[in-house]
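Here the structure comes first, spelled out in C-alpha cells, and everything after it is commentary.
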Amino acid sequence: MLAEIVKWKMAAVLLALSLGFSGWAQNYPEAMFIIDSSGSMQAAMGGTTKLDVAKSVLREVLPKLPVEVLVGLTAYGHRHPKDCRDVEILVPPGSQARDDLLARVDALSPVGMTPIALALQTAGEAIQSRPAECIVVLLTDGAETCGGNPAAVVGALRRQGLKFMLYVVGYDIQDAEKKSLAYLAAAGGGRYIAADDSAALLDAFESVRRDIEEKVEKARTEKVQRKTGLGKLHLIIPPEALQSLAGIQIRRRGEMKAVKKGELTRADSMHPLMSGEYELWMEFANPNYQPPTSIKLGEFDIHGGAATELVLGALAFNIADGLLDNNVAFVQINAQATGAELVKLEKHDNDYYLFKPKPLPAGTYDVMIGYNQSPEAVLLSSNIAVTAGKQAVVTWDSGFVLKKPDSVNVAGWDLHRAGTQEKILQVRRRWDNQEPLWRRFMVPPGRYDLMLHVKDMDDPLPAGNSIEIGNGQTVEFDAGF
C-alpha cells in the first residue's frame, strides 16, 4: 500500500513538473546555436583563431540571456576533415545547462567542411517537438561547401509549421558569399548580421541577445496580463503638441486621484493599466513656476490582455508678427457642437506656453482669446476641424489698434459688428492707468463700428462706422478727437 502511495505521489510530481516546463516553454522563446567548426575557423584573427574568438564571445553573451530562455547547441565540421555528414547535436534543445553548452563549445576543434544545409535540417528536426518558438543562431565564416541548399531546407521547415526565426551571423565573410547568406536569413524570417572582426562579432551576438530579450519581455507581459487582467493604453499625439505639456494623468473614471502621473516625453507611448474605465488628463505647462493646468481630454476603457489605442490631434497657432501686444490674458478652446469649454489656459504674466500647439481629441472647435481688462472672450476662429493624429493650424493675421486721442479722456471702447449691437470686443482701462486701451488687438476680418466711452459721459460716442478690417490687415484707427 505504501509503495502505491509513493508511486502515485511521484507521478503527480512528475506531471506537475511536466506542466510547469510546458507552460514555461510555451511562454518564452528558446535558442539553438549552430556553430561553424570547419577548417577555415582556425584562420588567424586578432592574434588568435576565429573559432577561439567565437568561443570568447559566446562565453560573454550566453550568461546574459534571460533565465527563462532554454538553449541548445549544434556544431558542424568539428570531428572529421572532408566529411559532409559531420553534424552533431551537442546539447539537445530545451536545456538549462548553459555551463555544459559553453564547455562543449570550448572543446570544438576546427577541422572539417561547411554542411550548412544538413546542420539546419538536423537542428530543425531536433526542435520540431518543442512547443515554443526557437531562435536559431547560425555562426559561419563561409557559405555551404557540401552541395546542399540551405535556403530550400529552411523553406521546407517553415512549410512544415516549425516555429523558428533564423539569424545568420556572417563572420569574416567574402563579398561573393554575403548575398546568399543574407537571402538565407530572410528565408528564415530573421536577419543577416555581418561581423568582420572580434568586436563586430560581439556586437552581432549582443544584437541577437537584445532581440531575444524583447521577445522574453513580451512573453512576461502577456503572462502578467493573463494572470492579472493587465492591459495597455497606447497613446498617440502629434509630436509638436508635446511642447505644451508638463505631463499626463490617468484617473479612474469619476475619481480625482491619479493612478498614473508623470512626464510625457514621447508622442507614441504605452501605459500598462489594470482593466477598468479611465479618464485621460493632460498637464498643460504654465510659466513662472506656476503649477500645470490639468484638463480632461478623453475617456477610455482598458481590457486585460489588450491594448486600447487613443489617438489625439493637435491645434497650432500661426500669429502674424506684431499682433501679440502683451495684452492677451487667456486662450480658450470650445467644442463647436455644444459650446462647452474644453481648454482654457491663462497667461500668468508670460505668454511662452500660451500659443504652443495644443493636444485635442478629434473634433470641431471654436477658438477664443481673452484680453486684459476685457470681460468677454473674443471668438477669433470657428468650426476648426482637428483630425486624430494630425495637427490643424489657425492663422490670426488681422487686428485693430485705436490711436490715442490728444484731447479726450477715454475710459474704454467697444467694437460692434457693423450696423448691429453685437459686441465683438470690449476694452476698459485699468483704474490706475490707461492700459490696455492703445495696444493692438487681434480681431477677425470684417466690418465694425467703434463706440468710445469717455469719462464723465453717460452714453458712448459713435467714433467710427463700418471700419473694414481685411485678412492680413491691422487697422490703426484715428477717432479724430
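Which number in (1) among the hydrophobic types (A, V, I, L, M, F, W, C); (2) more than 18 Å from ALA320 (Cβ to Cβ); (3) not in a loop (DSSP other than H, G, I, E, B) marks the one condition that ALA479 misses?
The failed condition is (3).
Looking only at residues in region 70-106 that are closer than 30 Å to ASN27 by Cα and assigned to a helix (DSSP H, G or I), which one is most open to solvent (accessible area, probe 1.4 Å)?
ASP99
Let me spell it out: the conditions are (1) within 29 Å of GLU376 (Cβ to Cβ); (2) open to solvent by less than 30 Å² (accessible area, probe 1.4 Å), and HIS271 meets all of them except one. Which number is the exception?
Evaluating HIS271 over (1) within 29 Å of GLU376 (Cβ to Cβ); (2) open to solvent by less than 30 Å² (accessible area, probe 1.4 Å) leaves (1) as the failure.
So if I check each of ALA411, ALA385, which one is outside any loop (DSSP other than H, G, I, E, B), modelled with pLDDT under 95 and surrounded by fewer than 19 Cβ atoms within 10 Å (Cβ to Cβ)?
ALA411
Collect the residues in region 413-448 that are farther than 12 Å from VAL378 by Cβ and of a type in the set (Val, Ile, Thr), keeping them in residue-number order.
THR420 - this is the single residue of region 413-448 that is farther than 12 Å from VAL378 by Cβ and of a type in the set (Val, Ile, Thr).
Look through SER109, SER180 and report the one residue that is open to solvent by 20 Å² or more (accessible area, probe 1.4 Å), touching a residue at least 12 places away in the same chain (Cβ under 8 Å), touching a His at 6+ places or on another chain (Cβ under 7 Å) and not charged (D, E, K, R).
One residue alone meets the criteria, SER109.
Filter region 306-327 for residues that are aliphatic (A, V, I, L, M), assigned to a strand (DSSP E or B) and modelled with pLDDT of 95 or more and give the result.
LEU310, VAL311, ALA314, LEU315, ALA316, ILE319
Going through GLY170, GLY142 one at a time, which residue ends up being touching a Lys or Arg at 6+ places or on another chain (Cβ under 7 Å) and within 17 Å of ASP36 (Cα to Cα)?
Of GLY170, GLY142, the one residue that is touching a Lys or Arg at 6+ places or on another chain (Cβ under 7 Å) and within 17 Å of ASP36 (Cα to Cα) is GLY170.
Going residue by residue through region 424-435, is there one that turns out to be in contact with a strand residue (DSSP E or B) (Cβ under 7 Å, 6 or more places away or on another chain), buried (at least 19 other Cβ atoms within 10 Å of the Cβ), assigned to a loop (DSSP other than H, G, I, E, B) and not hydroxyl-bearing (Ser, Thr, Tyr)?
Yes - at least one qualifying residue is present in region 424-435.
One residue is enough: does region 431-443 have a residue meeting the conditions touching a residue at least 40 places away in the same chain (Cβ under 8 Å) and among the polar types (S, T, N, Q)?
no
In region 286-296, is there at least one residue being aromatic (Phe, Trp, Tyr) and touching a residue at least 12 places away in the same chain (Cβ under 8 Å)?
No - not one qualifying residue is present in region 286-296.
Quick check on this structure: which one of ALA3, ALA44, ALA25 is under 30 Å from ALA185 (Cα atoms), at pLDDT below 95 and open to solvent by 70 Å² or more (accessible area, probe 1.4 Å)?
Matching residue, one of ALA3, ALA44, ALA25: ALA44.
Tally time: how many residues in region 274-285 are open to solvent by 20 Å² or more (accessible area, probe 1.4 Å) and in contact (Cβ under 8 Å) with a residue 60 or more places away in the chain?
Qualifying residue count, region 274-285: 0.
Residue by residue through region 167-177, note down the ones that are farther than 19 Å from GLU133 by Cβ and either of a type in the set (Phe, Trp, Tyr) or surrounded by fewer than 15 Cβ atoms within 10 Å (Cβ to Cβ) (or both).
Across region 167-177, the qualifying residues are TYR171, GLN174, ASP175, ALA176.
Give region 352-382 a look and list any residue that's open to solvent by 20 Å² or more (accessible area, probe 1.4 Å) and either without any contact (Cβ under 8 Å) to a residue 60 or more places away in the chain or not in a loop (DSSP other than H, G, I, E, B) (or both), or say none.
Matches in region 352-382: PHE355, ALA362, GLY363, THR364, ASP366, MET368, PRO375, GLU376, ALA377, LEU379, LEU380, SER382.
Search region 136-159 for residues that are over 18 Å from VAL57 (Cα atoms) and part of a helix (DSSP H, G or I) and pair each with any residue that is of a type in the set (Val, Ile, Thr) and open to solvent by less than 20 Å² (accessible area, probe 1.4 Å) when their beta-carbon atoms are under 6 Å apart and the residues are at least 6 apart or on different chains.
PRO150/ILE116
Look at region 329-343 and say how many of its residues are within 17 Å of ASP366 (Cβ to Cβ), in contact (Cβ under 8 Å) with a residue 40 or more places away in the chain and in a strand (DSSP E or B).
Selection size over region 329-343: 4.
Being open to solvent by less than 10 Å² (accessible area, probe 1.4 Å) and assigned to a helix (DSSP H, G or I) is the filter here, so list the residues in region 28-41 that pass it.
MET41
The values are calculated or read from the model by the stated rules, or taken from the named source; none is laboratory data. Bear in mind that the values here come from a model prediction, so they are computed numbers and not experimental data. Note that each Cβ is placed from the backbone with ideal geometry, even for glycine, and that neighbours are counted across all protein chains shown. Note: areas computed on protein heavy atoms with side chains; ligands, DNA, RNA excluded. Shrake-Rupley method; radii C 1.70, N 1.55, O 1.52, S 1.80 Å.
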